[in-house]
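Asks: I have a structure I would like to understand better, so I am pasting it below and will then ask my questions one at a time.
The values are calculated or read from the model by the stated rules, or taken from the named source; none is laboratory data. Note that this is a predicted model, so its numbers are computed, not measured. What goes into the accessible areas is simple: the full protein's heavy atoms, side chains included, and nothing from ligands, DNA or RNA. Shrake-Rupley method; radii C 1.70, N 1.55, O 1.52, S 1.80 Å.
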Amino acid sequence: MLDFVQQLVSGVALGCVYGLIALGFVLVYKATEVVNFAQGDLMMLGGFFAFTFIGMMGLNYWIGFAGAVAAMALFGMLAERVVVRPILGYPQFSIIMATIGLGYFLRSVAGMIWGTDDLKIETPFSQGVLRIGSLVLAYDKLSVIAATMILCTLLYLFFNKTTLGTAMRASSENMLAAYYMGIPVKRVVSIVWAISAAVATCAGVLLAPITFIHSNVGLVLGLKAFPAAVLGGFGSIPGAVVGGVLIGVIESMAGFYLPEGWKDVAPYLVLLAVLLLKPEGLFGHHVRKKV
């Protein structure tokens, strides 16, 4: 039973990281109907920025964290302006290839600047453990879960209780109608990309105590986070987080209880089963097309 609880907590913590990356996929897709396949690499770059501020420059953890989030928010706006906006309106395949190319570019630049070694960020939660009887839970994993819950609550309040959040939701529902209503759609899209990059950075910094940061970590985790977004229902913000947690828990349990090799396969088998039964995902809205 203790092993089960520990694996459950580990899976939820890893799933929270998947969920935050998936959240970035969903935010960009809802605003622009573009699938940003560089989302995982934005997480990687945010992690490297945090390592630079905290590990190399010696800044306080929280200041370095905030600095990395701010830097990546600006980078997200720049990426949208330079890479995506000039080709909006072209076939979706062109935009997808542009984001894939952006991911390759970011991995190459990160390798040239920070090298190919695995890096780790020391956090206030790296060492401690919580003991409940015979159960031992690491603070780093609990901190990931708590931070994800706080971040999701803040995003919910932002999108539902602020004027800018309402404008973003309106743009995601009908961009043309939002434009006619006087909403600055281009600025809103840039801000969505900034929020997406900032959320990805949070995922990268939260991941640092659990695993190492390297130039390919974004590609690996992005391939796990994309199915999480699909599982939850592509376009559903709560679904992205729930899908990420489910993928993380299934992966953790399969790695502990099933033979070697099932850890990476099991989440995709569950994804296929869910999509066969509920093609729109767990939280997606089914659209019936008239023939």
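Asks: Apply the Kirkwood formula to the range 125-185: the hydrodynamic radius equals the inverse of the mean of 1/r over all pairs of different alpha-carbon atoms; give it in Å with one decimal. Present the calculation step by step, with values, prior to reporting the outcome.
Replies: Values: mean 1/r = 0.0693 Å⁻¹.
Result for the range 125-185, one decimal place: 14.4 Å.
Asks: Please work out the Kirkwood hydrodynamic radius for the range 92-167, using every pair of different C-alpha atoms, and report it in angstroms with one decimal place. Before the final figure, lay out the partial values.
Replies: Working: mean 1/r = 0.0591 Å⁻¹.
Result for the range 92-167, one decimal place: 16.9 Å.
Asks: Right, next: Across the chain, what fraction of all alpha-carbon pairs, as a whole percent, falls in each successive 5 Å bin from zero upward?
Replies: Histogramming the chain at 5 Å steps yields 1, 6, 11, 16, 18, 17, 14, 9, 5, 2, 1, 0, 0 percent.
Asks: Here's a follow-up. I want to verify a result. In a Gaussian network model of the chain, Cα cutoff 10 Å, which of these has the top mean-square fluctuation: Thr162, Thr52, Thr201?
Replies: Result: Thr162 has the largest fluctuation of those listed.
Asks: Something else now. In terms of modelled amide H atoms, which long-range or inter-chain residues lie less than 5 Å from the amide H of Ala138?
Replies: For Ala138, the qualifying residues are Leu130.
Asks: Checking understanding here: applying a Kyte-Doolittle mean of at least 0.0 and a length along the axis of at least 20 Å (C-alpha), which whole DSSP H helices in the chain pass? List each step's numbers first, then the result.
Replies: On the way: long enough: 2-32 (45 Å, 1.48); 61-79 (26 Å, 1.74); 92-114 (33 Å, 1.27); 139-161 (32 Å, 1.14); 185-207 (33 Å, 1.80); 217-232 (22 Å, 1.83); 237-257 (30 Å, 1.58); 262-277 (23 Å, 1.74).
Those that clear 20 Å and a mean of 0.0 are 2-32, 61-79, 92-114, 139-161, 185-207, 217-232, 237-257, 262-277.
Asks: With a 1.4 Å probe and all protein chains in place, put Met44, Met175, Met253, Met1 in order of accessible area, largest first.
Replies: Met1, Met175, Met253, Met44
Asks: Still on this structure, I have one more. When N counts the residues of the range 221-285, how does its alpha-carbon radius of gyration compare numerically with 2.2 N^0.38 Å, as a ratio?
Replies: Numbers: Rg = 11.4 Å, N = 65, 2.2 N^0.38 = 10.7 Å.
In units of the 2.2 N^0.38 Å rule of thumb, it is 1.06.
Asks: With viscosity set to 1.306 mPa s at 10 °C, what whole-number translational diffusion coefficient in µm²/s follows for the range 1-139 from Stokes-Einstein and a Kirkwood radius over Cα pairs?
Replies: Values: Rh = 17.3 Å.
The calculation lands on 92 µm²/s.
Asks: How high is the relative contact order of the range 1-285? Use alpha-carbon pairs under 8 Å, at least six apart in sequence, and give a whole percent. Don't skip to the answer; put the middle values down first.
Replies: Values: 471 pairs, mean separation 106.8, N = 285.
Here the relative contact order equals 37 percent.
Asks: Show me, bin by bin at 10 Å from 0, the whole-percent P(r) of the range 163-255 based on Cα pairs.
Replies: 14, 36, 30, 15, 4, 0
Asks: Counting only protein heavy atoms and using a 1.4 Å probe, what share of the accessible area of the chain belongs to carbon plus sulfur, as a whole percent? If you can, show how the numbers build up before the last one.
Replies: Details: 9950 of 14600 Å².
After summing per-atom areas, the C and S share lands at 68 percent.
Asks: Separate question: For the range 184-235, what is the accessible area per residue in Å², given a 1.4 Å probe and the full set of protein chains?
Replies: On the way: 1450 Å² over 52 residues.
Result: 28 Å² of accessible area for each residue.
Asks: Students sometimes get this wrong: rank Glu260, Glu251, Glu280 by accessible area, probe 1.4 Å, all chains present, largest first. Walk me through the numbers on the way to the answer.
Replies: Details: Glu260 190, Glu251 10, Glu280 45 Å².
Final ranking, largest accessible area leading: Glu260, Glu280, Glu251.
Asks: Normalised by the residues of the range 74-178, what does the relative contact order come to in percent, with Cα pairs under 8 Å and at least six apart? Let's see the in-between values first.
Replies: On the way: 40 pairs, mean separation 10.2, N = 105.
Value for the range 74-178: 10 percent.
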